[in-house]
Amino acid sequence: MDIIIAGAGKVGYNLARTLSPVHNVTVIDRNAEALARLQESLDILPVNGDIEDPLTYRKLIDKEADLFIAVTDMDEANLISTLIAGDTIAVKRKFIRLRNEFFAKSSIREKLGIDEAIFPLQLTSETVEQLFAYPRANNVKSFAYADFKLISIRVTALAEAITLEPGENYAVVGIEREKSFIIPEGGGAEIRPGDLVYLFGDESRIRALCPKLEAEAPGNIERCVVFGGGDLGIAIARKLLEHGKEVKIVEENIRQCNIADEALEGEAMTLSCKYGTAELFEEEGLGHADMMIAATGNDEYNIIKCLEAKEHGIRKVVAVNNEMEYYNLMHSLGLVVVRGPKMSAYHTIIERIHSSRVVTERKYCGGRGTIYLRKIFPGSTLIGRRVKPYKHRGESLLYLVRGGQLLPFIEAIELEEGDLLVAFVHEEDAEVLENWLNGL
């Protein structure tokens with residue numbers, strides 16, 4: 001595909017890095033140094049110019065683009081660039097990153113012909129929200145075509161290894177052990193203390209299993225501390241308050257404290273940590289919280305605050321992750337990791353680029369694992385057809401969801417209307433499995 005990316009920041013760079021090996025990628029940005037750094041390591045076409053200036057697009061006037069992606073930090077710039085690109089270049093699809101949730105409810109997306117609008121703040125706050133219902137989980141993913149969930153759990157309740165057999169409508173579909181990611185054969189596996197286990201299936205079955213694997217997190221979450229009073233901290237605090245939680249926000253910048261207090265209408269206690277946070281744990285009773293979320297834009301600070309919170313006895317700590325290089329470090333420290341706005345934008349855009357009307361793609365385990373889903377809709381030519389299972393040397397799992405049951409797809413089966421094929425595979429083997437699913 002021919003892809004144009006407006007914005008060479010963190011999200012734009014990661015998109016270009018992932019897409020440029022297999023697609024023709026053009027990156028537009030006014031920062032010549034940022035473009036030069038991109039060009040040093042990536043095979044891209046750099047265009048130096050203001051994405052809000054129609055003159056910038058004259059350099060691409062004869063170009064056709066399969067996809068235009070606007071991912072700067074400014075909503076106005078992204079919206080205007082999408083409008084200008086649509087007028088000056090033949091663009092088939094438009095993706096846009098937006099901060100203001102107002103646009104999610106407005107008709108502006110339809111008016112500008114935008115195919116996909118990504119709201120990173122909303123995505124991150126909703127991910128944190130999922131943890132209220134699953135306090136022992138590290139992460140929870142829901143899916144459009146099934147009631148089943150993908151739930152990851154850090155194993156802290158075991159003193160020695162056990163074997164977790166598949167069945168009871170769930171399966172082990174991934175294990176992160178130290179720095180390795182494993183997709184176990186057959187949906188069952190040996191589970192060791194310290195493993196991060198990914199379970200897919202009936203949420204009630206997995207919920208019942210959680211206390212047997214995880215013993216450190218609280219069984220219920222009521223009192224919460226949010227480090228960071230910026231847009232993300234406010235969005236997370238708002239979700240917490242909607243669920244009736246007690247919320248305290250800790251923010252270094254006094255002006256931002258006032259902004260957060262006003263945005264939340266005084267429903268959350270806002271504390272300034274301009275002179276440090278150590279005394280706040282004692283004076284304000286932060287150590288009595290059930291959960292702490294470090295939601296600043298600085299991953300290093302988030303890690304430090306999480307470790308500090310653990311030392312003060314907070315049993316569930318969540319670190320927002322915005323830098324890919326810190327993901328493994330956060331996990332190795334036993335922290336619950338939630339994609340920050342930048343990582344949410346990147347992963348969501350990549351998932352939607354690679355998804356089609358036929359096959360939907362999702363990422364897990366920091367992008368090291370890929371999930372594919374293919375729904376058998378009414379009128380599909382696959383209805384009544386006998387299909388053999390996928391065969392490949394790489395680690396992968398394939399399941400059939402039928403009538404609310406999770407069935408291993410290990411032998412030929414006649415497909416029915418409403419069936420859902422779900423595949424789990426290592427990222428490096430994903431393309432082959434995707435082609436197989438699309439080719440059915």
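For segment 71-177, the relative contact order is 15 percent, taking Cα pairs closer than 8 Å that sit 6 or more residues apart in sequence and dividing their mean separation by the residue count. Packing around the peptides 406-416, 47-57, taken as the average count of other Cβ atoms within 10 Å per residue, puts them in this order, highest first: 47-57, 406-416. Across the options A90, P341, F119, the greatest Cα extent toward the positive end of the charge dipole of the chain (unit charges at beta carbon of Lys, Arg, Asp, Glu) belongs to A90. Contact order, relative form, for the chain: 11 percent (alpha carbon pairs under 8 Å, 6 or more residues apart, mean separation divided by residue count). Using C-alpha pairs below 8 Å separated by at least 6 residues, the relative contact order for segment 100-233 is 26 percent. All C-alpha to C-alpha distances of segment 92-247, sorted into 5 Å bins beginning at zero, yield P(r) values of 2, 8, 15, 16, 15, 14, 12, 10, 6, 2, 1, 0 percent in whole numbers.
Using the rule -39500 (n - 2.57) for each DSSP H run of four or more residues, divided by the residues of the chain, the 222 nm mean residue ellipticity is -9000 deg cm²/dmol.
Taking a ≥ b ≥ c as the square roots of the eigenvalues of the Cα gyration tensor of the chain, is the shape rounded (a/c under 1.5), prolate (a/b larger than b/c) or oblate? Here the chain falls in the oblate category.
The Cα-based radius of gyration and maximum Cα-Cα distance (Dmax) for segment 322-440 are 16.2, 50 Å. For segment 388-427, list residues with backbone N below 19 Å from a point placed 7 Å from the Cα of S356 toward its Cβ? Answer for segment 388-427: 388, 390-391, 420-425.
Given their separation in residues at 0.36 nm each and the Cα-Cα distance between them, E246 and A215 gain 8.8 nm when the chain is fully extended.
Put the Cα centre of segment 77-114 next to the Cα centre of segment 22-60 and the gap is 19 Å.
Computed over protein heavy atoms with a 1.4 Å probe, the accessible surface of the chain works out to 45 Å² per residue.
For segment 270-371, the C-alpha radius of gyration sits at 1.29 times the compact-globule guess of 2.2 N^0.38 Å, with N the residue count. Checked against a 30 Å cut-off, the cross-linked pairs K94/K391; K10/K391; K94/K179; K10/K94; K105/K149 give Cα-Cα distances beyond that limit for K94/K391; K10/K391; K94/K179. Scalar couplings 3J(HN,Hα) for segment 164-173, obtained by applying the Karplus form with A = 6.51, B = -1.76, C = 1.60 to θ = phi - 60°, are 9, 7, x, x, 6, 6, 8, 8, 7, 10 Hz; x denotes Gly and Pro. Sorting the segments 315-322, 102-109, 347-354 by their mean number of nearby beta carbons within 10 angstrom, highest to lowest, gives 315-322, 347-354, 102-109.
Label-to-label distance, L329 versus E411, with points set 7 angstrom from Cα along the beta-carbon direction: 5.1 nm. Annotation for segment 335-393: chymotrypsin sites (Phe, Trp or Tyr not before Pro) lying in DSSP loop with at most 15 further Cβ atoms inside 10 Å of their Cβ do not exist. Expressed as a whole percent, the accessible surface of the chain that belongs to carbon and sulfur atoms is 47, based on a 1.4 Å probe.
For segment 338-395, the calculated P(r), taken from all Cα-Cα distances in 5 Å bins from zero up to the bin holding the longest distance, is 4, 14, 19, 20, 17, 13, 8, 5, 1 percent. Computed about its Cα centre, the charge dipole of the chain is approximately 940 debye, with only Lys, Arg, Asp and Glu carrying charge at their Cβ. The packing ranking, built from the mean of other Cβ atoms within 10 Å per residue, places the peptides 163-173, 287-297, 119-129 in the order 287-297, 119-129, 163-173, highest first. Taking 0.36 nm per residue of separation and subtracting the current Cα-Cα distance, fully stretching the chain between A146 and Q39 would add 34.3 nm.
The values are calculated or read from the model by the stated rules, or taken from the named source; none is laboratory data. Everything quoted here is computed from the prediction, not taken from an experiment. Positions of Cβ are generated from backbone atoms using ideal geometry, with glycine treated the same way; all protein chains shown enter the neighbour counts. Just the protein is used for accessible areas: all its heavy atoms, side chains included, with ligands, DNA and RNA removed. Shrake-Rupley method; radii C 1.70, N 1.55, O 1.52, S 1.80 Å.
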